[in-house]
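Working notes for the structure below.
Every number in this text was worked out from the coordinates using simple rules, so none of it is lab data. For clarity, every value in this text was computed on a predicted model and none was experimentally measured. Note: ideal-geometry Cβ built from the backbone for every residue, glycine included; neighbour counts use all protein chains shown.
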Protein chains: 8
Amino acid sequence: MDDLDFEIIKRLQTDGRTSYTDISEDLGITVGTVRNRVQRLIENQILKIVGVVNPFKTGSPSVTIFGLKVRLQKLDNVIKKLVAIPEVRFVAASTGVYDLYVEVITSSNEELYRVMKNDISQIDGIESMESSLLLEIFKQSYDWEVGSQTSQQ
Amino acid sequence: MDDLDFEIIKRLQTDGRTSYTDISEDLGITVGTVRNRVQRLIENQILKIVGVVNPFKTGSPSVTIFGLKVRLQKLDNVIKKLVAIPEVRFVAASTGVYDLYVEVITSSNEELYRVMKNDISQIDGIESMESSLLLEIFKQSYDWEVGSQTSQQ
Amino acid sequence: MDDLDFEIIKRLQTDGRTSYTDISEDLGITVGTVRNRVQRLIENQILKIVGVVNPFKTGSPSVTIFGLKVRLQKLDNVIKKLVAIPEVRFVAASTGVYDLYVEVITSSNEELYRVMKNDISQIDGIESMESSLLLEIFKQSYDWEVGSQTSQQ
Amino acid sequence: MDDLDFEIIKRLQTDGRTSYTDISEDLGITVGTVRNRVQRLIENQILKIVGVVNPFKTGSPSVTIFGLKVRLQKLDNVIKKLVAIPEVRFVAASTGVYDLYVEVITSSNEELYRVMKNDISQIDGIESMESSLLLEIFKQSYDWEVGSQTSQQ
Amino acid sequence: MDDLDFEIIKRLQTDGRTSYTDISEDLGITVGTVRNRVQRLIENQILKIVGVVNPFKTGSPSVTIFGLKVRLQKLDNVIKKLVAIPEVRFVAASTGVYDLYVEVITSSNEELYRVMKNDISQIDGIESMESSLLLEIFKQSYDWEVGSQTSQQ
Amino acid sequence: MDDLDFEIIKRLQTDGRTSYTDISEDLGITVGTVRNRVQRLIENQILKIVGVVNPFKTGSPSVTIFGLKVRLQKLDNVIKKLVAIPEVRFVAASTGVYDLYVEVITSSNEELYRVMKNDISQIDGIESMESSLLLEIFKQSYDWEVGSQTSQQ
Amino acid sequence: MDDLDFEIIKRLQTDGRTSYTDISEDLGITVGTVRNRVQRLIENQILKIVGVVNPFKTGSPSVTIFGLKVRLQKLDNVIKKLVAIPEVRFVAASTGVYDLYVEVITSSNEELYRVMKNDISQIDGIESMESSLLLEIFKQSYDWEVGSQTSQQ
Amino acid sequence: MDDLDFEIIKRLQTDGRTSYTDISEDLGITVGTVRNRVQRLIENQILKIVGVVNPFKTGSPSVTIFGLKVRLQKLDNVIKKLVAIPEVRFVAASTGVYDLYVEVITSSNEELYRVMKNDISQIDGIESMESSLLLEIFKQSYDWEVGSQTSQQ
């Protein structure tokens, strides 16, 4: 990745539908270069251009954050199993009190319980889990500064 | 919001750059309808089309989840102040142990400390905060099922 | 209260609609005595004859248990305010980690958040609160043995 | 379940002994319909008409709330065993810190210890349990609004 | 046990060396009765007449309170093993966060660590333990009211 | 304090009624010396000769351990107020999670609640308190080794 | 700081008394350069050459780690006051459950209590503190790799 | 160890490069005695003369404190394995909530995660671990008073 990648990303972070023509003119490169670079960033799972929905504005969903403590020697397997559950939207390793943070979005509390009971609870290696239901989202932004550390050096 | 909105959203959740022409043909409506509906969804802060970056693939960032306990009578003010901090990427109210979940992304641990000390700590009404540094992200998906509860009824 | 009260209560604990005639014959007393005793037990808030509904079978409600830590010198006022909130179904003082246990039943997560934010959070003297959403009820019985300690002595 | 069921339930929630005649007149249906519907609601474990006693007014009982963490793969068995213990009055699955909330009512602290030691502790799959003794009940009401979500739509 | 036992106990609770003659005169019974009753109370492990020392006034000891979480099915064995450790001065079952409270008194922090490592840690069935070192004792009294519940009835 | 004090204490720790004559013969000193030394140890609040009762064998009491977090600048005042409450049997400062450990013995759960509500809760400076009811005592011994550190040197 | 600084530091991390002559020969620079650089590193509080003692091998000390929660708006003042206490050996800000980690070394538990009560407890802005007494140190090393991130780039 | 050892240590605690000549003159002993004593103190792992670096001034490191709960019967093995990990800088047994305190210093958050995942997590006997990233160090001093307890007696 180089500064050009970062410049392209920055434009897409604020508006995922910025036209490649605008980006190419803005950066003084060809449209083909923009297209190739974006494609490569997406293929390498660095970038994902998506319509992000505020779940609280499209029905009455259950958005739940789980903190998991895991038998550490089984961490890899637990992660693989969690990632495969469709309702699981986010999985990350962390410092602090929990080994993993997991986000689950379902269309109701009943469906949440079904996922907890039939899917998450069946994974061997989860020692304990604590869950927090989100009740309202006040900010959700995606335009964090990329490449800043590199450019400082 | 009606089923047409949900159908449009579903297509953009998987690929934020799906052309309006494709969507219009797919759903048997005019391109203008697609454009108007998308615009309205964005204006009403229901939808946001963005390039989402995996922060761990664009440098060496500090991605931190905070759990905050808040003097409840000052909740509104705390939320307003948090939302205004640029490094704060996510703010949500929740059940469970914490009153608010907050996500902060900075380009280093030093910058994280600066945000904690100069910005978050200065907000009147935060009783205590616990923080967890994310160390790796294994899944980050945005195509949860919208409108499912409505369509069941 | 005497053994007769306890005998009457026992019959109503299992079936709240047992006819006073059945009770009077069963215990060898007049129907009037049964009626008077039941009335007095209800007036003294010892007994309450109610239709108890399993909330998970009549819609998709949010049944939430709160554990509250309270500025102890304001305990009386906090209890008074909590009792006055219609969605608050249960308030009890306890040993252990929390000072008060509170149960709230609302018809959705949104309404739960409204009660937390507009009603509970405004009560002066609540230091912190933790909440757990119930997801399914497996047993709910009301026929505990009354008067057993007395009758042993 | 339909609106008629909800209307009947509402009347019984406040007073479990409301006569079927009063309900039938109030709703403009026959007494037989009321009787049949109530019977069906009871058979389907949606409704239970009981005399609920305030345990603190009928002796000196031990009313204890347990929060249980459970080896998740054994959750079903743990629930089945808990439900079978007579002193266990309430069992529910929950989000938050605990997997299960359990309420136990005994006639003394000694009997509580006997139940904890001989019954609950013997169940395979309980990882840990925390207990809180209730010391006084300030509110206990059962007339939550049923069917409200349906009627809004 | 009867009221006479309680009366004898009350006198010994305040001063363990009250002469049996004084007690007998005070209660209008023979010295032999006092002696027999005390002996029986001691044999039944109801009463223990001891010189209680404030450990902080006789050197520089380590007085430590342990809260233990125990694999509940092994509770009996854990208790038996703990009771057999000489430095363990107190073992009790409890409600709340811990299953057992244990007090250990040693003559130094080093010896405390030796007991924790060689004795307590070796007991099969202890899930986890938390420890608090006492730093100063401000009150230690033993004359709680015995038999009060009986005499009220 | 010297070795003679420690030798006298050791004899009284096991049996608080050991006669001074036995102690004097055992240690080769006069009875007067024993008496004077014991008196001085008691006056200096180093020793207390008492009848210790197992509260679970003399009725059905509530024996409760409190862990208190205290506004640290008010620690002295909190201690003074706690010591003055008759039902408070033990007060100690500690390391670990709590600032103070407190033991309360009452004749019932109701009386416990009265002490919590009317006495402990009124003390200015207590930030929060957690309580554990003891359910059975398995060991309670008082003959810890005094003077051992001195004699090793 | 440059690579030469890092090379000098590495040699002193393993042996703080490595002669400047050895270092100068090893790195092919003059002794004067070594001396100047070391002096500057010390003046800038980057390096400190000290005799580190294992406290458990020079008596019977109390080595205690405190986790502090702080009223965040007073953080600067709390840090300043803690740093000024001679028995406080280490103060650091942190993520996780506590705002500050503090290490205190005293020559006994009594002296520890004196520092907690007279010094730390008097600091305005400390909300709560938890303490852990260290009982034995198994590893204490100081030769972490400096400058590694720079040299990789 | 005697008072002479303590006097030598005290001089090296403040400045690890104090010349042996200065120490010998200061204490009125020969340089050879100083050298021999220091050597013996180092060999017995009582003293270590090192250049201690403030990790936050030599790059952008991850300094992390871990609190570990350990299956107590495997404590010895866990300690041995932890000590062998190069990035582990400190291992100590403790009272309080955790069984072991461990400090890890790595050159980045990524490397921290690698150590947690590949090294610490693989150790059999660690039940759970909580981690806190240090963000800034305000005090780090090494001149605690040695031998003070001995000299008082």
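Working from the pairwise distances between different alpha carbons, so that the mean of 1/r is found and then inverted, what is region E:11-82's Kirkwood radius in Å?
Working: mean 1/r = 0.0623 Å⁻¹.
Its Kirkwood hydrodynamic radius stands at 16.1 Å.
Using helices alone, what [θ] at 222 nm do you get for chain A, with -39,500 (n - 2.57) per DSSP H run of 4 or more residues, divided over all residues and rounded to the nearest 500? Numbers along the way, then the final one.
On the way: 6 runs with 57 residues, N = 153.
Rounded to the nearest 500, it is -10500 deg cm²/dmol.
The rotation axis that maps chain G onto chain E passes nearest to the beta carbon of this chain G residue, listed with its distance in whole angstrom: G:133, 3. Scaling the Cα radius of gyration of chain A by the globular reference 2.2 N^0.38 Å produces a ratio of 1.29. Between region A:1-41 and region B:10-32, the C-alpha centres lie 22 angstrom from each other. With Cα atoms defining each centre, region B:89-134 and region H:64-143 are spaced 25 Å apart in the structure. Net charge dipole, the protein assembly as shown: roughly 0 debye, given to the nearest 20, about the Cα centre with Cβ charges of +1 for Lys and Arg and -1 for Asp and Glu. Highest mean first, the peptides H:105-112, C:62-69, C:138-145, D:38-45 sorted by other C-beta atoms within 10 Å per residue fall in the order C:62-69, H:105-112, C:138-145, D:38-45. Per-residue shielding of H:31-38, expressed as the average number of other chain Cβ atoms within 10 Å of the residue Cβ, stands at 0.
Within chain E, which DSSP H helices have Cα atoms that stretch 15 Å or more along the helix axis and a mean Kyte-Doolittle hydropathy of at least -1.0?
Helix filter hits for chain E: E:3-14, E:31-43.
Bridging of residue F:117 to aspartates and glutamates at a Cα separation below 14 Å is possible for C:76, C:99, D:136, F:87, F:130, once same-chain residues fewer than 8 apart are set aside. Mean separation of Cα pairs under 8 Å and 6 or more residues apart, divided by the residue count, gives region E:1-53 a relative contact order of 31 percent.
Please compute the contact order of chain A in relative form: average sequence separation of alpha-carbon pairs under 8 Å and at least six residues apart, divided by the residue count, as a percent.
Details: 172 pairs, mean separation 42.3, N = 153.
Once normalised by length, the contact order is 28 percent.
Computed over the protein assembly as shown, the P(r) tail beyond 59 angstrom holds 23 percent of alpha carbon pairs.
Here, region E:55-134 yields an orientationally averaged convex hull projection of 5.0 nm² when only Cα atoms define the hull. Each label point was placed 7 Å from the Cα along the Cα-to-Cβ direction; for residue E:19 and residue H:35 their separation is 7.7 nm. Judged by the mean number of other Cβ atoms found within 10 Å, the most tightly packed of the peptides G:83-91, B:51-59 leads the ranking B:51-59, G:83-91. A dipole drawn for region D:1-90 from +1 and -1 charges on Cβ atoms has a positive end, and of D:64, D:20, D:45 the residue lying farthest that way is D:64. About the centre of its Cα atoms, chain B shows a dipole size close to 380 debye [charges on the beta carbon of Lys, Arg (+1) and Asp, Glu (-1) only; nearest 20 debye].
For region G:3-51, the Cα-based Rg and Dmax, in that order, read 9.8, 28 Å. For region G:3-51, a crude dipole built from +1 on the beta carbon of Lys and Arg and -1 on the beta carbon of Asp and Glu, taken about the Cα centre, is about 220 debye to the nearest 20.
Listed by chain and number, the lysines whose alpha-carbon sits under 18 Å from that of residue D:10, ignoring those within fewer than 8 places in the same chain, are C:48, C:57, D:48.
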